[in-house]
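The values are calculated or read from the model by the stated rules, or taken from the named source; none is laboratory data. No experiment lies behind these values; they were computed from the predicted model shown. Backbone-built Cβ (ideal geometry, glycine too); neighbour counts: all protein chains shown.
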Protein chains: 2
Amino acid sequence: MGLAEIVNALLTPRERLVWEASLARNARDYMKGADLAREGEKPMALRIVLAGWAQKYKQMPDGRRQILGVVLPGELCDLDLFTVARTDHSIAAVRRLSVAEIGRADAQRLFEQCPNLASALCWAAILGAAVQREWTINIGQRSALERVAQLLCEIYVRQHDIPSVGGGSCDFLLTQGQMAEAMGLTQVHVNRIVQQLRLRCAVEIRNMRLEIPDFQQLAALASFNATYLHLGEAATLVERVRMLFLSDFDRPDRRNGDGAILPTI
Amino acid sequence: MGLAEIVNALLTPRERLVWEASLARNARDYMKGADLAREGEKPMALRIVLAGWAQKYKQMPDGRRQILGVVLPGELCDLDLFTVARTDHSIAAVRRLSVAEIGRADAQRLFEQCPNLASALCWAAILGAAVQREWTINIGQRSALERVAQLLCEIYVRQHDIPSVGGGSCDFLLTQGQMAEAMGLTQVHVNRIVQQLRLRCAVEIRNMRLEIPDFQQLAALASFNATYLHLGEAATLVERVRMLFLSDFDRPDRRNGDGAILPTI
DNA sequence: GCAGCAACTTAACATGGGTGAATGTCCGCG
DNA sequence: CGCGGACATTCACCCATGTTAAGTTGCTGC
C-alpha cells in the first residue's frame, strides 16, 4: 500500500487537487548519486519522489555504507521535517531523479488546505516501517541467494501493486554494487548470485529493467511473503484511521467527486 | 525519545491522567516466551509495556527467527490496531511481562477523551522506525563484535535517556540465544564475543543486569552514534507536531496544571 | 569511431562465523 | 538433597562469503 493509495482513500477530491498541484509546483531534479539530505542535518523539506529512484542510506565513520531502502516514484521519503530535530540517515539519488521538495512554509499552507493530509502522511510513514522490518530479517537470516531473490520480488511487487500471476517485468535502477550495499553483501558475491538466478529462474536484469519469467518460482526461492507490503488493505483503511483521528472524518465537506457522502463505515 | 516523553510534551495534564488510568486498568501478564500477537493475525489491541521486556520478531517457514527489536517498559509495541488489516510480525514476552492491552472499544473511548493522544502515538511509532533502521545497518555492515557492542550500548542508553558519563549498569533480560537471534548470529558465536567484551572492556552480563564500567570505550568499539535515538529532542517536539496537526494545539483547553496557557511557539 | 569511465565478470585465495555435539554451571523445585 | 531444565561454555571442523586484482563489456561524450 503506497502513498498514492492512501491519499486516494483519505483525501477529499478537492484536497487531492491541492496536493497534486503542490507536488508539481515543487519539483526539483538531482543527478545520479547526489544527496538530497545528509545524516545529522536539520530536515529542510517534505520529499515525494516523482520520477527515478531515491535510496536511504547510512554510512559508518570508516566508509561502510548500508542502503536502508529505496523510494520509488510516488512514494514518501520520510517525515523527518515534522518528527526529528536532526535526520538520522542520508538520502541520495540512485540515478537521475525528480523529487517534490516542500519546504516549511509551503508545507504549513498545504496542511491548512488539506486537513486529512497529515494522517495520510503518518500512515505512509508507519507502513514504510514495515518494509524496514522485512529488510532486517532479510539481512539477518537469509542466505545471499534468498536475499537477492527477495529484493527482486519486493521491487517487482511494489511496482505492480496487484501481484500478477506468471511473470512480467519492471524498472530496476540499482547496480550490482548498490544491491550489495542494500543486502549487506559484496559486489562480487552479488554478481555470483545474479548469475545463479539467471540460470535457475531465467531472471534477467538488463538495461535498467528486471524480467521475471516465473514469479512464483523466484518467490519460492526467496521464501517471499508479501504480507509486509500490506497490499489491498486500502479498502478498509478509512475505518482504521477514523479510530485514531475521529474528528477528521466527521467534517461536512467529506464528499466524493459526485457530491455523494462517502460511507462512514 | 520514548513514549513517556512524547506523552508529557503533547498531552494536557487532564489527558495524561486519563491515559495513565487506562494503562493501569488494562494491565495483563504474560509468561516468558508467550506470544502477545502473531504474524498474520488481525490486530486486537494497542499495547504498552508496563514491566519486563517484549520482543518483536519474524519467523521464516523453516524456523529461522529474527528479533526485530525489544520493547522496554513504558514503550509502545506498535500501532497495528490502527494501521494494518493483518500484523506482519509477532510479539512475545522476553521474560515474565506485564503489558497494558487496550482493545478497540476502550481505545475508541480513550481517543475521544484525549484528542492529543493520537499524534503522540504516531510520533512514537515513527521514531521507533529509526531504531529499526539502525538495526538494519548494524546487522548488514558491522562485525559480530561491533554488533553485540552496539546492542549493549543501545539498550543501556535507552534505559538512561540521558547518556551518563563514565559507566553504569542497567537491566538486561536477553539470553545469549536471544541476542544471537537479534543480531543475526549464532548462540555459540555470541558467547565468543561476550567473552571478548568481558576481557577488552570489562563488560559483564549477569543476573539480568548489564554492567558497563567504561561506556565510552564500549561505544568506540561499536562505532556507536546515538543520533538515531533522538534523545533530548522532546523540548522542540510541540513545534514540529504543530506543523503537521495544526488544529490539535489551538484548542482552548490546552493549559498546563496551573491554568496558564502553554507557549504556542 | 575512439577515449574514458562505469559496470560487470572471472579467478585464486583468505577467513569470519556457522554447525553439531558434548560438557559445565547454576538454580528452582519436589 | 538430588534431579531436571535453562543457559553458558568449549571444541573441531568447514563452508559461505569476503578480498584482491585482473580483465571485459558497453555506454557516453567528443
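Every test in (1) near DNA strand C (Cβ under 10 Å from one of its atoms); (2) within 14 Å of chain A (Cβ to nearest Cβ); (3) in contact with a helix residue (DSSP H, G or I) (Cβ under 6 Å, 6 or more places away or on another chain) is passed by residue B:191 save one, and that test is (2).
Quick check on region B:54-85: of everything there that is within 7 Å of chain A (Cβ to nearest Cβ) and within 15 Å of the chain's Cα centre (by Cα), which residue is farthest from residue A:245 (Cα to Cα)? It would help to see each step written out before you state the result.
Within region B:54-85, the first condition is being within 7 Å of chain A (Cβ to nearest Cβ), and the residues that meet it are B:58, B:60-61, B:64, B:66, B:68, B:79, B:82-85.
When the remaining residues are screened for being within 15 Å of the chain's Cα centre (by Cα), the result is B:68, B:79.
Values: B:68: 28, B:79: 13 Å.
Per the criteria, the residue is B:68.
In this entry, residue B:173 is excluded by the filter for residues that are more than 16 Å from DNA strand C (Cβ to nearest atom), over 30 Å from residue A:148 (Cβ atoms) and at pLDDT 95 or above. All conditions in (1) among the small types (Gly, Ala, Ser); (2) in contact with a helix residue (DSSP H, G or I) (Cβ under 7 Å, 6 or more places away or on another chain); (3) free of Cβ contacts under 8 Å to residues at least 12 places away in the same chain hold for residue B:21, with the sole exception of (2).
Restricting the first member to region B:109-133 and to residues that are free of Cβ contacts under 8 Å to residues at least 40 places away in the same chain and under 18 Å from residue B:244 (Cα atoms), and the second to residues that are of a type in the set (Val, Ile, Thr) and outside any loop (DSSP other than H, G, I, E, B), the beta-carbon pairs closer than 6 Å and six or more apart or on different chains are B:126/A:83.
Within region B:172-200, the residues that satisfy the criterion of being more than 10 Å from DNA strand D (Cβ to nearest atom) and free of Cβ contacts under 8 Å to residues at least 24 places away in the same chain are B:199, B:200.
The condition of being assigned to a strand (DSSP E or B) and either out of contact with any Gly (no Cβ under 7 Å at 6 or more places or on another chain) or closer than 27 Å to residue B:231 by Cα (or both) holds for only one of A:81, A:23, A:50, that being A:50. Scanning region A:1-23 for residues that are closer than 10 Å to residue A:117 by Cα and touching a Cys at 6+ places or on another chain (Cβ under 8 Å) turns up A:11, A:15, A:19.
When residue A:114 is tested against (1) crowded, with 21+ Cβ neighbours inside 10 Å; (2) within 9 Å of chain B (Cβ to nearest Cβ); (3) not aliphatic (A, V, I, L, M), only condition (2) is not met.
Apart from one condition, residue A:211 fits all of (1) closer than 21 Å to residue A:94 by Cα; (2) in contact with a helix residue (DSSP H, G or I) (Cβ under 7 Å, 6 or more places away or on another chain); (3) more than 12 Å from DNA strand D (Cβ to nearest atom); the exception is (2). When region B:1-53 is limited to residues that are among the charged types (D, E, K, R) and within 16 Å of DNA strand C (Cβ to nearest atom), the one that is nearest to the other protein chains (Cβ to nearest Cβ) turns out to be B:32. Of all residues in region A:236-253, those satisfying the criterion of being assigned to a loop (DSSP other than H, G, I, E, B) and either more than 10 Å from chain B (Cβ to nearest Cβ) or at pLDDT 95 or above (or both) are A:250, A:251, A:252, A:253. For region B:26-43, the set of residues classified as under 21 Å from residue A:243 (Cα atoms) and either in a helix (DSSP H, G or I) or in contact with a Gly (Cβ under 9 Å, 6 or more places away or on another chain) (or both) consists of B:26 only. Residue A:137 passes every criterion in (1) over 24 Å from residue A:25 (Cβ atoms); (2) among the β-branched types (Val, Ile, Thr); (3) more than 14 Å from chain B (Cβ to nearest Cβ) apart from (3).
I'm checking my understanding of the structure. Among residues of region A:201-213 that are within 25 Å of the chain's Cα centre (by Cα) and free of Cβ contacts under 8 Å to residues at least 24 places away in the same chain, which one is surrounded by the most Cβ atoms within 10 Å (Cβ to Cβ)? Give the derivation first.
The initial filter retains those residues of region A:201-213 that are within 25 Å of the chain's Cα centre (by Cα), namely A:203-213.
When the remaining residues are screened for being free of Cβ contacts under 8 Å to residues at least 24 places away in the same chain, the result is A:204, A:206-207.
Numbers: A:204: 16, A:206: 8, A:207: 8.
Checked region A:201-213; the qualifying residue surrounded by the most Cβ atoms within 10 Å (Cβ to Cβ) is A:204.
Kindly indicate whether residue A:88 is touching a Ser or Thr at 6+ places or on another chain (Cβ under 8 Å), more than 7 Å from chain B (Cβ to nearest Cβ) and either surrounded by fewer than 21 Cβ atoms within 10 Å (Cβ to Cβ) or closer than 30 Å to residue B:68 by Cα (or both). Let's see the steps before the verdict.
Working: touching a Ser or Thr at 6+ places or on another chain (Cβ under 8 Å): yes; more than 7 Å from chain B (Cβ to nearest Cβ): no; either surrounded by fewer than 21 Cβ atoms within 10 Å (Cβ to Cβ) or closer than 30 Å to residue B:68 by Cα (or both): yes.
Spelling it out, it is not the case that residue A:88 is touching a Ser or Thr at 6+ places or on another chain (Cβ under 8 Å), more than 7 Å from chain B (Cβ to nearest Cβ) and either surrounded by fewer than 21 Cβ atoms within 10 Å (Cβ to Cβ) or closer than 30 Å to residue B:68 by Cα (or both).
Mind telling me which of the residues A:40, A:52, A:63 ends up being on the phi > 0 side of the Ramachandran plot, surrounded by fewer than 17 Cβ atoms within 10 Å (Cβ to Cβ) and modelled with pLDDT of 95 or more? Before you say what the answer is, go through the steps one by one.
Details: A:52 fails: surrounded by fewer than 17 Cβ atoms within 10 Å (Cβ to Cβ); A:63 fails: modelled with pLDDT of 95 or more.
Matching residue, one of A:40, A:52, A:63: A:40.
As for region A:158-171, it holds no residue that is in a loop (DSSP other than H, G, I, E, B), within 16 Å of DNA strand D (Cβ to nearest atom) and either hydrophobic (A, V, I, L, M, F, W, C) or within 14 Å of chain B (Cβ to nearest Cβ) (or both). Of the residues examined, residue B:216 is not one that is free of Cβ contacts under 8 Å to residues at least 60 places away in the same chain, under 23 Å from residue B:131 (Cα atoms), within 16 Å of DNA strand D (Cβ to nearest atom) and away from every other protein chain (no Cβ under 13 Å).
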